[in-house]
Amino acid sequence: MSEDVRKVQLIMSLRNQGVRDKRVLEAIERIPRQLFVPQTFADQSYADQALPIACGQTISQPFVVAFMTDRLKLTDRMKVLEVGTGSGYQAAILSQLCRRVYTIERYRTLSREAEERFTALRITNITAMVGDGLKGWPKQAPFDRIIVTAAARDIPEALIEQLAVGGIMIIPVNAGPGRQELKRVVRTEDGIEVETLLPVRFVPLVEGVAKEL
């Protein structure tokens with residue numbers, strides 16, 4: 001089966017699972033996921049499942065990427081912070097839907113490889129940094145939207161502070177032993193409003209920059 005056929009099947013599956021935003025589906029169709037997965041798993045690029053990448057991390061299941069992106073309600077004028085660059089796939093999807101993406105990764109190897117992919121795809125509206133995602137990116141705040149692609153113990157105060165009033169953050173949060181829930185956080189004039197969206201499974205959000213050999 002060709003990659004084009006697999007991609008069409010994936011888009012149909014995402015639509016059937018409730019992802020209806022045409023712009024999100026078009027972005028997923030446009031970005032070649034096979035460039036973001038290890039060569040070993042190239043034949044599974046368009047399977048609706050998470051796959052392992054370097055540094056013990058994962059590239060998220062396409063449905064989860066699409067669902068989180070859909071719930072951000074992006075416009076082409078927004079500035080977005082992503083915590084957890086990973087392979088760069090989520091940032092590449094975001095880049096098609098907003099004005100600017102700032103993405104933070106604790107592993108230098110992953111950040112460098114992601115930047116190489118952005119360059120190869122001629123994506124010019126992503127700025128990547130190696131850093132502690134729990135601290136966000138204060139110099140670029142406030143952000144219209146924030147997306148976190150690793151599970152936090154609770155909603156980080158630093159990220160709430162960097163979210164513009166009226167802004168939305170999508171973040172997986174621990175919800176007890178072996179459980180995680182995807183949360184939608186809206187910052188208001190008086191604080192935050194939190195909505196639980198669905199159960200998920202992400203790698204943990206870890207403090208600091210990783211030490212690599």
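Since every read-out is calculated from the coordinates, none of them should be taken as a lab result. Being a predicted model, the structure only gives us computed values, none of them experimental. Note: ideal-geometry Cβ built from the backbone for every residue, glycine included; neighbour counts use all protein chains shown.
Protection proxy ranking for 163-176, 193-206, using the average of other Cβ atoms within 10 Å per residue and placing the highest first: 163-176, 193-206. Distance between the pseudo-spin-label points of Arg23 and Asn174 (7 Å out from Cα toward the beta carbon): 3.6 nm. The distance from the alpha carbon centre of region 85-137 to that of region 1-67 is 17 Å, rounded to a whole number. Exposure proxy for Arg71, Arg99, Arg122, Arg184: other Cβ atoms within 10 Å of each Cβ, ordered fewest to most, give Arg122, Arg99, Arg184, Arg71. Compute the acute angle (0 to 90°) between the alpha-carbon long axis of helix 3-16 and the principal axis of greatest extent of the alpha-carbon atoms of the chain; round to the nearest 10°. Here the helix axis deviates by roughly 40 degrees.
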